[in-house]
Every structure is written in structure tokens, then in C-alpha cells.
Amino acid sequence: NLKVFGAGIKGMISISGLCEIRELYFGFDSGPIVDASGGLYLPLDVAGMIAGDGFKKVGSVAISYSHPERYFCFSITIDNIDLIACSVGGSIGFEFSPHLFGVYLGYPETLAGSLGIFRVGLGVGFRVDTEDSSFIKAKIEFGFDKSAEFAIVYLRGFLYVGADGTIYLSGEDAGLFILELYLKGGIEGGIVVGGDHYNIISFYLDARGKLTAHPNDDWELSCSCTVSYSLDLWLFSVEGSVSASFDTTF
């Protein structure tokens, strides 16, 4: 007979007065399997740290444990928070079981900092698995984002370039190397009325390339590029996109 059990608990965890996980929901299923998630709150100034108050939400926390596999994983995703002269954000996490251990900095969300109009992001992760694939991965991102207002007119331009690579060390994919490159950018503008932005013209570019190097086999290269645009003058509007792609093996 199949027996299914489910339950949930809502609560809060305080860690030495320096960190709080609020609206923490625990879900229990047969196994048992436990999943929990909640908001991460930190005091962002010295006075708040000393007084033990002034907590502000800075991100989210996710926790999972599966007893049959003895598998545990934990991740924190930080929203962009202001620290002195820059703002930072991204993900940190790890996973563990009797046959697996992994640490991730900047995965899935790139660990990045913004200083003025510039943004630099990094990520690194590795997993050792005696029963499946082990790998090392790393990524880097650089870009800028600038907005300006002139009377009732606003303009914004941004451009980001990045690379993300993974090499597999063991398992069925041992020796496989995957490298992804991307370029994203855009320009948009419009008017400001009562504090609200109304977009009139926009132009966006999204270009990507992926190289897959198989050990002792062919290499695969795939590229794609999409350009989209729009013009909205209330009396009439025009929008569309143009895409191109190609794949090759060598």
C-alpha cells in the first residue's frame, strides 16, 4: 500500500541577533523529505547591529533534505543591497550527501557588484560525485547600465558581455567542455509624467554562442542573435524582431 504524508509549518529563525529568516515555511512529505524557504533579513547599519533591530529583507533562503538519499542542500540568494560605495547581490549554496559534495558561489544568480554605471559579476562552482558526474564551472560578466532624464524625457542604455564554462571531470560526460558566450544590450527612451515612465522607442540585442567540445569527437558550435525594436507614438505603433542562427560541427 502506498502511504503519503504531508504537513507544513510556518515560523522564524534568529541567528545570534545578526540574521533572521522570516516567513519560513517548512513542508514535510513521506520519506521524510523536508523543503523550507523564507526571507533573509539583516541589519544593514552599525546602529541596527548593536541594537539588534533595523532588520531589512535582503534576499531569500531555500533548504532541502531528503532522508532516503541523505541529501541536503542550502542556498541563499541576495538581492542587490547597498554597501558603502557599491551594491552587491547573487547566490551562494552547497549540497551534500554520502557520495556527493558541491559548493557554488554565483550560481544560479551571478555574484555581482555595481559601482556607478558599471557592473562586474563572477561565479565559480564545483561538485564531486562518486556515483555521477563531477564538474568545475566558472563564469564572468561585465557591463554597464546608464539612465538619464532631461526635463520630461528619459533615456536608458545598457550593455552586458559574459562567459560561462563547465568542464566535466568524471562520469559519463568526463572530458566534456561547454563554453557559452553572450552579449546583451539595449537603448530605450520616452517621457516622464507624474513620476511614471512611458516608453516610446526601444531597441534590444541578444546574441549568444555555445561551444561544446566532446572528448575524442567532433566539436559543436551554435550561435544565435535576436534584434527587437518598438516605436509607440500612441496614434500608431510599430514593433517586431529579427532573428538569425546557425549550427556547425568541426
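Structural remarks
- Residue in segment 217-233 that is open to solvent by 50 Å² or more (accessible area, probe 1.4 Å), under 17 Å from Gly189 (Cα atoms), outside any strand (DSSP E or B) and modelled with pLDDT under 95 present: yes
- Residue within segment 175-187 that is at pLDDT below 95, surrounded by 15 or more Cβ atoms within 10 Å (Cβ to Cβ) and outside any strand (DSSP E or B) present: yes
- Any chance Ala213 is under 15 Å from Asp247 (Cα atoms), small (Gly, Ala, Ser) and either modelled with pLDDT under 95 or surrounded by fewer than 15 Cβ atoms within 10 Å (Cβ to Cβ) (or both): yes
- Members of segment 55-70 that are open to solvent by 60 Å² or more (accessible area, probe 1.4 Å), modelled with pLDDT of 90 or more and in a strand (DSSP E or B): Tyr65
- Hits in segment 2-36 - residues which are within 24 Å of Gly54 (Cβ to Cβ), at pLDDT 70 or above and open to solvent by 60 Å² or more (accessible area, probe 1.4 Å): Lys10, Met12, Ile13, Ser14, Ile15, Leu18, Arg22, Glu23
- Summed over segment 231-250, residues that are touching a Phe, Trp or Tyr at 6+ places or on another chain (Cβ under 8 Å) and touching a residue at least 24 places away in the same chain (Cβ under 8 Å) total 2.
- Output for segment 79-97, where each listed residue is open to solvent by 40 Å² or more (accessible area, probe 1.4 Å) and in a strand (DSSP E or B): Asp79, Asn80, Asp82, Leu83, Cys86, Val88, Ile92, Phe94, Phe96
The values are calculated or read from the model by the stated rules, or taken from the named source; none is laboratory data. Just so it is clear, the model here is predicted, and its values are computed rather than measured. As a convention, Cβ positions derive from the backbone with ideal geometry for all residues, glycine included, and neighbour counts pool all protein chains shown. Just the protein is used for accessible areas: all its heavy atoms, side chains included, with ligands, DNA and RNA removed. Shrake-Rupley method; radii C 1.70, N 1.55, O 1.52, S 1.80 Å.
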